[in-house]
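Trainee: What follows is a single structure, and I will ask about it in a moment.
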Amino acid sequence: MKKDFISILDVNEQELGQLLTEAHELKRQKMAGTTHLLLCGKTLAMIFEKSSTRTHISFEVGMNELGGHALFLNARDMQIRRGEEIRDTARAASRYVSGMMIRAYKHSTIEEYAKYATIPVINGLSDMEHPCQLLADIMTMQEHFGSTQDLKVAWVGDGNNVCNSLILSTVLTGLDVTVATPEGYEPAGEFVARARALGGRVTLVREPEAAVKDAEVIVTDTWISMGDEEEKGERTKIFRNYTVDGPLMKHASPDARVLHCLPAHRGEEISDEVMEGGQSLVWDEAENRLHAQKALLVRLLKR
Ligand code: CP
Ligand code: NVA
């Protein structure tokens, strides 16, 4: 595997398969009460520029369950806020810890850390991608459907970071993804072009009903990502017809399941009825962040 995990395409199909096989096994072991102290003595530094619940908890608990330690670092409390350069922070941290997980506003910030760090760097969400989320989402689809090959997935809402990673993941998974967004909120063109060039199946449409038609998985996310807060009023109006609710679900396959990376905003991108209903897999999806990331940490840090 590559040193870093910054994009979902930093793993190839075979590596993703091995990683998720390991994730399912770690989950099975945890359920059976078996310990797996595979990273004893290793420390993961976690740098957060933005809020987090799941990413923070799952990485910290994951390192703990592997016998290692996770160090929470709020970027606001680091010398970086007072002007220390990323390249200096990255090289100093590399002398202390075995890996870094970074949640940043700019994707280029994480790339800069990776360039200068001599240890693995993991993207814990940037403005462009959320690859750890996709590990959990693919794992959840595997659990529920057995295989992701030819699975029909609809994305409804903002063409954001999670959507970009879903699009790239088509290259590795055989997922057939249709994305419905309002005009001007499509996923980044470079991601769609890259996925298609590598054989991924990605279709862009305008109407949620068109994306959801016969879909087996419906995925959505907030209309207002971290960093977009100033556009809240405008976005709330533009996205008002992009709610995953009961009427929209009627267009999907009757056995369709719903994913949402969380945090959710009931009454906006998803209705309470769908969040709490029998088609929702969101809690398994949230749990699988832990197992998938543990497998990733073992692969990257156990060198
Ligand atoms: N899905 C996800 O990354 O959640 P947090 O923002 O709570 O980490
Ligand atoms: N798209 C959301 C994901 C949060 C986990 C954001 O960037 O805020």
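Trainee: Taking a probe of 1.4 Å, how large is the accessible area per residue of the chain, in Å²?
Mentor: Accessible surface, normalised per residue, equals 43 Å².
Trainee: Let me ask something else. How large are Rg and Dmax for the range 109-242 when calculated on the C-alpha trace, in angstrom?
Mentor: For the range 109-242, the Cα-based Rg and Dmax read 15.3, 47 Å.
Trainee: So what are the range 196-291's ellipsoid semi-axes, whole angstrom, largest first, if each one is the square root of 5 times an eigenvalue of the alpha-carbon gyration tensor?
Mentor: Here the semi-axes work out to 20, 18, 17 Å.
Trainee: How far is helix 54-65 tilted, in degrees, relative to the longest principal axis of the Cα atoms in the chain, given as a value from 0 to 90 rounded to the nearest 10?
Mentor: That helix lies at roughly 50 degrees to the long axis.
Trainee: Now for a separate question. P(r) for the chain, please, calculated from all Cα pair distances in 20 Å bins and given in %.
Mentor: Calculated over all Cα pairs of the chain, the distribution is 35, 58, 7 percent.
Trainee: Now for a separate question. Can you divide the C-alpha Rg of the range 1-122 by 2.2 N^0.38 Å and report the result to two decimal places?
Mentor: The value comes to 1.11.
Trainee: Find the centroid of the Cα atoms in the range 116-149 and in the range 27-66, then give the distance between the two in whole Å.
Mentor: Using only Cα atoms, the two centres lie 15 Å from each other.
Trainee: Working with all protein chains in place, sort 170, 53, 118 by solvent-accessible area computed with a 1.4 Å probe, largest first.
Mentor: 118, 53, 170
Trainee: Identify all lysines with a Cα-Cα distance to residue 115 below 29 Å; exclude those on the same chain that are fewer than 8 residues away in sequence.
Mentor: 2, 3, 42, 50, 106, 294, 302
Trainee: Taking only Cα atoms, what is the 0 to 90° angle, nearest 10, from helix 282-301's long axis to the longest principal axis of the chain?
Mentor: Once rounded, the angle reads 30 degrees.
Trainee: Then there's this: Set Lys and Arg Cβ to +1 and Asp and Glu Cβ to -1, take the dipole of the chain about its Cα centre, and tell me which of 222, 281, 172 lies farthest positive.
Mentor: Farthest along the dipole direction, towards plus: 172.
Trainee: Let me ask something else. Classify the range 3-62 as rounded, prolate or oblate, taking a ≥ b ≥ c as the square roots of the eigenvalues of its Cα gyration tensor: rounded when a/c is under 1.5, otherwise prolate if a/b is larger than b/c and oblate if not.
Mentor: Oblate is the answer for the range 3-62, as a/c is 1.5 or above yet b/c matches or exceeds a/b.
Trainee: Sticking with this one: In a GNM of the chain with a 10 Å cut-off on Cα contacts, which of 264, 197, 256 has the highest mean-square fluctuation?
Mentor: Highest fluctuation of the listed residues: 197.
Trainee: Could you tell me what percent of the accessible area of the range 189-270 is made up of carbon and sulfur, with a 1.4 Å probe and every protein chain present?
Mentor: Exposed carbon and sulfur together represent 50 percent of the surface.
Trainee: Answer rounded, prolate or oblate for the range 101-149, using the Cα gyration tensor with square roots of eigenvalues a ≥ b ≥ c: rounded when a/c is under 1.5, else prolate when a/b is larger than b/c, else oblate.
Mentor: It comes out prolate by the Cα gyration axes.
Trainee: What residue among 29, 142, 133 shows peak mean-square fluctuation when the chain is described by a Gaussian network model with Cα springs under 10 Å?
Mentor: Maximum among the listed residues: 29.
The values are calculated or read from the model by the stated rules, or taken from the named source; none is laboratory data. As the structure is a prediction and not an experimental result, all values here were calculated from the model. Note: ideal-geometry Cβ built from the backbone for every residue, glycine included; neighbour counts use all protein chains shown. We work out accessible area using only protein heavy atoms, side chains counted, and drop any ligands, DNA or RNA first. Shrake-Rupley method; radii C 1.70, N 1.55, O 1.52, S 1.80 Å.
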